[in-house]
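**Student:** Following this message is one structure expressed as structure tokens.
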Amino acid sequence: MKTDKLCKAYRVEHGEDFRLKQFDPADTGHLRSKEHATDALQKSVERMAELQDKLYAQDRWSLLLIFQAMDAAGKDGAIKHVMSGVNPEGCDVHSFKAPSDLDLQHDFLWRTTCVLPERGHIGIFNRSYYEEVLIVRVHPQILKGQKTPPSLVGKDIWKERFEDIRAFERHMARSGTVIRKFFLHLSKKEQKARFLARLDEAEKNWKFSAADIHEREYWDQYQNAYQDMIANTASKHAPWYVVPADNKWFTRLVVSTVIVETLESLDLAYPKVDGAKKKELEAAKKIL
């Protein structure tokens with residue numbers, strides 16, 4: 001499958017007809033060779049490093065990558081392998097757990113807004129403000145502890161949060177931040193296999209959390225929340241990619257391909273040196 005098709009196959013930018021069940025978590029896009037995908041991933045990693053260097057030097061655009069998924073879908077591994085070639089100086093990764101007391105003193109977008117990528121940088125959110133329409137929706141008791149005035153928490157709270165997110169992402173896009181959002185789509189069967197591996201393999205024991213098993217009981221509610229989230233927040237300027245996650249090698253290839261294609265679309269280039277700067281460089285040569 002060509003890279004442009006690999007991106008388009010899982011891209012959602014209009015939510016009207018979106019149905020999560022139409023996407024197969026085990027899909028590999030007609031790629032049957034893990035070795036071929038691994039080779040393609042390495043080429044993407046190398047190309048990404050070249051483009052990131054230009055992004056940093058040009059200092060105009062910023063890129064925000066958002067990863068959302070059920071537990072054990074491979075977010076950490078995807079970030080680790082896909083971003084393995086980038087310069088850390090121009091890349092920031094932020095993981096969002098339960099909000100702190102300070103976070104709860106502000107609106108639900110505050111803690112992520114504080115760490116948005118600056119121009120020339122790539123920002124990665126491992127979970128994000130989308131948790132506010134996922135876990136908070138599945139567990140509405142959390143909403144009661146967020147200090148929002150009760151009169152503002154009505155039956156349209158989720159619709160209103162979707163509106164806020166769409167407006168926020170539109171504002172960011174208009175300001176030069178390119179947004180790409182990845183939902184790593186894992187099957188319930190594969191999640192079980194990965195949980196069992198965490199229990200059976202000593203080197204993976206540290207990954208196990210009883211909370212993960214507890215959240216698994218709400219599988220259907222989460223699937224409905226993801227369906228609604230993507231349908232209501234997918235847009236041309238901030239599309240979602242529903243990435244099959246049952247095969248990690250394919251997940252990483254899709255993610256890397258999307259990032260490279262996005263960076264290539266920005267017409268990145270090193271800044272041109274003007275006449276005065278050239279004279280300065282010539283003078284420096286003579287001194288050396």
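**Student:** For the chain, what proportion of DSSP beta bridges, expressed in % and rounded to the nearest 5, is antiparallel?
**Tutor:** Around 10 percent antiparallel, to the nearest 5.
**Student:** Amide H neighbours of ALA73 under 5 Å, at least 5 residues apart or on other chains, H built in the peptide plane: list them.
**Tutor:** Here nothing satisfies the definition.
**Student:** Let me ask you something else. Translational diffusion coefficient of the range 52-131 at 20 °C, 1.002 mPa s, Stokes-Einstein with Kirkwood Rh over Cα pairs, in µm²/s as a whole number.
**Tutor:** 157
**Student:** Using a Gaussian network model on the chain with a 10 Å cutoff between Cα atoms, which of ASP24, ASP220, ASP274 fluctuates the most?
**Tutor:** So, out of ASP24, ASP220, ASP274, the one fluctuating most is ASP274.
**Student:** At a Förster distance of 45 Å, what's the computed FRET efficiency of ALA202 paired with LYS279, Cβ-Cβ distance as r, to 0.05?
**Tutor:** The formula returns an efficiency of 0.10 here.
**Student:** Still on this structure, I have one more. Helix-derived [θ] at 222 nm for the chain: sum -39500 (n - 2.57) over DSSP H runs of at least 4, divide by residue count, nearest 500?
**Tutor:** Mean residue ellipticity at 222 nm (helix-derived): -14000 deg cm²/dmol.
**Student:** Taking the alpha-carbon centroid of each part, what is the distance from the range 153-214 to the range 1-79 in angstrom?
**Tutor:** Here the two parts' Cα centres lie 16 Å apart.
**Student:** How large is the Kirkwood hydrodynamic radius of the chain, in angstrom, based on all distinct alpha carbon pairs? Display every interim value, and only then the final one.
**Tutor:** On the way: mean 1/r = 0.0487 Å⁻¹.
So the Kirkwood estimate lands at 20.5 Å.
**Student:** Mind pulling the angle between the C-alpha long axis of helix 275-287 and the longest principal axis of the chain? Nearest 10 degrees, somewhere in 0 to 90.
**Tutor:** The answer is roughly 70 degrees.
**Student:** Follow-up. Could you give P(r) for the range 130-288, binned at 10 Å from zero, as whole percent values over all Cα-Cα pairs?
**Tutor:** Taking every Cα pair in the range 130-288, the percentages come to 8, 24, 27, 19, 10, 7, 5, 0.
**Student:** If you average 1/r over all unlike Cα pairs in the range 58-206 and invert the result, what Kirkwood radius do you get in angstrom? Kindly include the intermediate steps, with their values, before the conclusion.
**Tutor:** Values: mean 1/r = 0.0578 Å⁻¹.
It is 17.3 Å.
**Student:** For the range 158-238, what number of Lys pairs, 8 or more residues apart or on separate chains, have alpha-carbon atoms under 20 Å from each other?
**Tutor:** 9
**Student:** Let me ask something additional. If packing is taken as the average count of other Cβ atoms within 10 Å, what order do 243-250, 56-63 fall into, highest mean first?
**Tutor:** 243-250, 56-63
**Student:** Once Rh is set to the Kirkwood radius over Cα pairs, what Stokes-Einstein translational diffusion coefficient, in µm²/s, holds for the range 107-194 at a temperature of 4 °C and a viscosity of 1.567 mPa s?
**Tutor:** Stokes-Einstein gives a translational diffusion coefficient of 85 µm²/s.
**Student:** Tell me, what is the Rg over Rh of the range 94-158, with Rh the Kirkwood radius over Cα pairs?
**Tutor:** 1.00
Bear in mind these aren't lab numbers, they're just calculated from the coordinates by the rules spelled out. What you are looking at is a predicted structure, and each value in this text was computed from that prediction instead of being measured. Don't worry about glycine lacking a Cβ; one is built from the backbone with ideal geometry, like all the others, and counts go over all protein chains shown.
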